[in-house]
Every structure is written in structure tokens, then in C-alpha cells.
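> The structure under discussion is supplied below as C-alpha cells; questions concerning it will follow.
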Amino acid sequence: MERLTAVCVGSKVLEYSGSMPISIIKAFDNVVYAKTSKSHLLVITSGSKRSDITVNVDAPKGLQNYLIEGEQLSLIDNSMVGRYADIILSENTYRGGLAKGDKNALLSCREELVKAATLLSILAPQDAICDSKGRFFESYKRAINLLSLDNIHQPLLENIGLGSGLTPSFDDFASGFLAIYNNYARLFGRERIILSRNLILKRTSWLSGSILDYAQHGIVDEDVAHVINSISRGDKNFLLNIQELTIKGHTSGVDTATGIVVAAALLMGSEARGFMYDIMRILGLT
């Protein structure tokens with residue numbers, strides 16, 4: 001059995017993994033997705049990006065060499081033990097979370113959001129939300145154009161599962177949208193939007209739906225948190241963080257970033273008339 005060392009452990013990993021067993025549902029070279037008996041998602045990765053539900057490990061070879069789809073892991077004496085690998089959990093804990101929203105900081109980043117929308121429209125890969133030649137583009141556009149401050153729940157929920165891949169593009173869009181929207185909603189006199197987990201899972205895969213459910217409650221990967229927090233803190237790294245997020249997956253990063261930008265523009269539009277339309281036009285979604 002190979003012994004692997006976790007260099008960082010998300011704050012919720014031990015809490016969630018205490019519900020045995022842990023079943024591996026998807027395994028790739030650099031990331032493994034697992035499901036606990038209480039339907040919590042855990043992520044094991046050899047990458048550097050952290051989250052509250054992620055175990056970052058130092059692995060000399062691809063993770064598929066150690067963790068196999070369908071096998072079960074057990075938590076024994078602060079280790080995750082599988083058939084071919086024993087992961088020693090580190091005391092180095094990552095506790096993420098989104099910085100408290102700052103309304104004035106968001107309202108002051110109009111120019112940065114315009115630049116971000118321009119960047120996303122240029123970088124959009126095939127079949128991303130903003131790819132005008134993509135297979136699902138017209139459906140994405142119709143759904144997003146239905147969004148308003150008084151109409152968010154239905155357009156999002158009815159289009160969960162739209163797209164292709166491990167996490168469909170509209171799921172990624174909704175994840176980014178709800179992560180920032182719910183962080184700012186009450187500052188703009190709005191209620192947070194929480195989609196029913198059961199309804200989400202009726203429309204998309206368990207993995208994609210779980211990621212979306214975590215996002216709407218503010219539990220996101222470090223690269224997503226950096227984008228949202230750079231707005232909240234009014235720092236100068238917003239565009240750099242957007243660009244960093246866009247390299248995630250084939251379309252996932254771009255689509256998540258698009259959701260963040262659209263939600264921010266929608267909130268800002270309540271005090272800057274026409275701004276939402278400007279952002280949608282730049283993204284090619286009008």
C-alpha cells in the first residue's frame with residue numbers, strides 16, 4: 001500500500017468523512033471525487049487549489065494509480081485508508097469562506113466588470129456560455145435574459161443541467177452567480193436565493209448538483225473565492241483572479257466567472273441603470 005501525505009485538509013473534511021463509508025465516484029489523474037454515506041462531497045486533489053471540502057495530497061504519480069472508482073475509503077486514526085493508498089491527513093487546515101460583502105466596493109468596480117466581461121467574451125472556449133457558435137448558446141441566452149432582481153429562482157432552476165461535460169455549463173454559471181449574489185443580496189435589500197437541493201439533483205448529476213449546492217451556501221474553491229473576495233475587499237487583483245479562474249477545466253472556469261460577472265452586474269443595475277444590459281451586450285448575450 002502506498003502512503004500519501006495530505007499537505008492541507010479542508011475544514012469540513014473530517015466532519016463530513018466521519019459519516020462512513022466514503023465511496024469514490026470519479027477518479028482522474030489530478031482529482032478524485034468522493035461521496036460520503038450522508039451524501040457529502042469530498043474532493044482529493046494533487047493540485048494546489050484548496051477548499052473546505054478538499055484534501056490536497058502530495059502524489060508522485062496520477063491519483064488514478066492509488067484511488068479507484070467504486071472503491072471505498074475508511075477513516076482510521078486520522079488517515080483515509082483505501083485498497084491501494086493510505087492518505088495521512090495533515091494538521092494544516094484550510095478554512096475558506098467568502099469575505100463579507102461591501103456594497104460600496106461592488107458599486108465602485110464598474111470599470112473592472114466591463115473589462116472582465118470583455119475578457120470572458122474573448123477567452124470563451126467552445127460550448128462555453130458565451131460561445132455564440134456553441135450547441136446550447138441560444139438556450140443559455142434565453143435563460144440568462146430572463147434574469148432580473150425579481151426573477152432569479154425560476155430561470156436558474158429550470159435550466160440546471162443544461163450543457164455537457166462533468167459539470168454542465170449552466171450549472172457552473174449558476175454556481176458563480178449564486179455564490180456572489182447570496183453574499184451581497186441583503187446589502188441591496190434582497191433575500192438570498194437558495195435552490196432546493198432535491199430539485200437540483202433531479203435536473204443534473206449528483207456531482208455537479210453538489211458543487212452548485214455548496215456554492216449557493218458560500219462554499220467554493222479557492223480560485224472562485226479569490227474573484228469574489230477581490231471585489232469585496234476592493235483590491236487590484238480582480239482581473240488577474242478572473243484570468244486565473246478561466247483556466248479551470250474546459251469551460252468550467254469561464255462559465256463560473258461569467259455567472260459572477262452577470263450577478264454583480266444585476267445587483268449593480270439596481271443603482272446604475274442600464275449597466276446589466278451593457279454587460280450582457282459585451283458578453284454577446286443580448
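> crowded, with 21+ Cβ neighbours inside 10 Å, more than 18 Å from the chain's Cα centre (by Cα) and at pLDDT 95 or above, is that true of V32?
No.
> Would you be able to say whether some residue in segment 264-285 is within 11 Å of the chain's Cα centre (by Cα) and not assigned by TED's automatic domain parsing to the domain that holds S11?
The answer is no; no qualifying residue exists.
> So which residues in segment 129-161 are buried (at least 20 other Cβ atoms within 10 Å of the Cβ) and either over 21 Å from the mean Cα position of the chain (by Cα) or outside the structural domain of K236 (by TED's automatic domain parsing) (or both), if there are any at all?
If the condition is that a residue be buried (at least 20 other Cβ atoms within 10 Å of the Cβ) and either over 21 Å from the mean Cα position of the chain (by Cα) or outside the structural domain of K236 (by TED's automatic domain parsing) (or both), then G134 is the only one that fits.
> Restricting attention to segment 210-228, does a residue exist that is modelled with pLDDT under 95, under 29 Å from D150 (Cβ atoms) and out of contact with any Gly (no Cβ under 6 Å at 6 or more places or on another chain)?
No, because not a single residue in segment 210-228 is modelled with pLDDT under 95, under 29 Å from D150 (Cβ atoms) and out of contact with any Gly (no Cβ under 6 Å at 6 or more places or on another chain).
> Somewhere in segment 168-178, is a residue outside any helix (DSSP H, G or I), among the hydrophobic types (A, V, I, L, M, F, W, C) and touching a residue at least 24 places away in the same chain (Cβ under 8 Å)? Reasoning before the result, please.
Applying the first criterion (outside any helix (DSSP H, G or I)) to segment 168-178 yields 168.
Still in the running and among the hydrophobic types (A, V, I, L, M, F, W, C): none.
Scanning segment 168-178, I find no residue that is outside any helix (DSSP H, G or I), among the hydrophobic types (A, V, I, L, M, F, W, C) and touching a residue at least 24 places away in the same chain (Cβ under 8 Å), so the answer is no.
> Among K103, K61, which is the only one that is on the phi < 0 side of the Ramachandran plot and in contact (Cβ under 8 Å) with a residue 40 or more places away in the chain? Break it down stepwise before answering.
Working: K61 fails: in contact (Cβ under 8 Å) with a residue 40 or more places away in the chain.
Just one listed residue meets the conditions, K103.
> Is it true that some residue in segment 93-105 is more than 29 Å from I44 (Cβ to Cβ) and among the β-branched types (V, I, T)? Give the steps one after another, and end with the answer.
So in segment 93-105, the residues more than 29 Å from I44 (Cβ to Cβ) come out as 100-105.
Checking which are among the β-branched types (V, I, T) leaves us with none.
Looking through segment 93-105, none of the residues is more than 29 Å from I44 (Cβ to Cβ) and among the β-branched types (V, I, T).
> Could you tell me which residue of segment 5-29 is modelled with the highest pLDDT, considering only residues that are closer than 15 Å to S74 by Cβ and aliphatic (A, V, I, L, M)? Let's see the steps before the verdict.
Pass one, segment 5-29, residues closer than 15 Å to S74 by Cβ: 13-14, 16-24.
This time we only want the ones that are aliphatic (A, V, I, L, M), so: 13-14, 20, 22, 24.
Numbers: V13: 89, L14: 80, M20: 71, I22: 92, I24: 96.
Only one residue tops the list, namely I24.
> Something else about it: Being small (G, A, S) and in contact with a Cys (Cβ under 9 Å, 6 or more places away or on another chain) is the filter here, so list the residues in segment 242-272 that pass it. Quick ask: steps written out before the conclusion?
First, the residues of segment 242-272 that are small (G, A, S): 249, 252-253, 257, 259, 263-265, 269-270, 272.
A264 - this is the single residue of segment 242-272 that is small (G, A, S) and in contact with a Cys (Cβ under 9 Å, 6 or more places away or on another chain).
> Out of curiosity, is L207 over 11 Å from the mean Cα position of the chain (by Cα) and either part of a helix (DSSP H, G or I) or touching a residue at least 60 places away in the same chain (Cβ under 8 Å) (or both)?
Values: over 11 Å from the mean Cα position of the chain (by Cα): yes; either part of a helix (DSSP H, G or I) or touching a residue at least 60 places away in the same chain (Cβ under 8 Å) (or both): yes.
Spelling it out, L207 is indeed over 11 Å from the mean Cα position of the chain (by Cα) and either part of a helix (DSSP H, G or I) or touching a residue at least 60 places away in the same chain (Cβ under 8 Å) (or both).
The values are calculated or read from the model by the stated rules, or taken from the named source; none is laboratory data. Not measured: the values here are computed from a predicted model. Ideal geometry is used to build each Cβ from the backbone, glycine not excepted, and the neighbour counts take in all protein chains shown.
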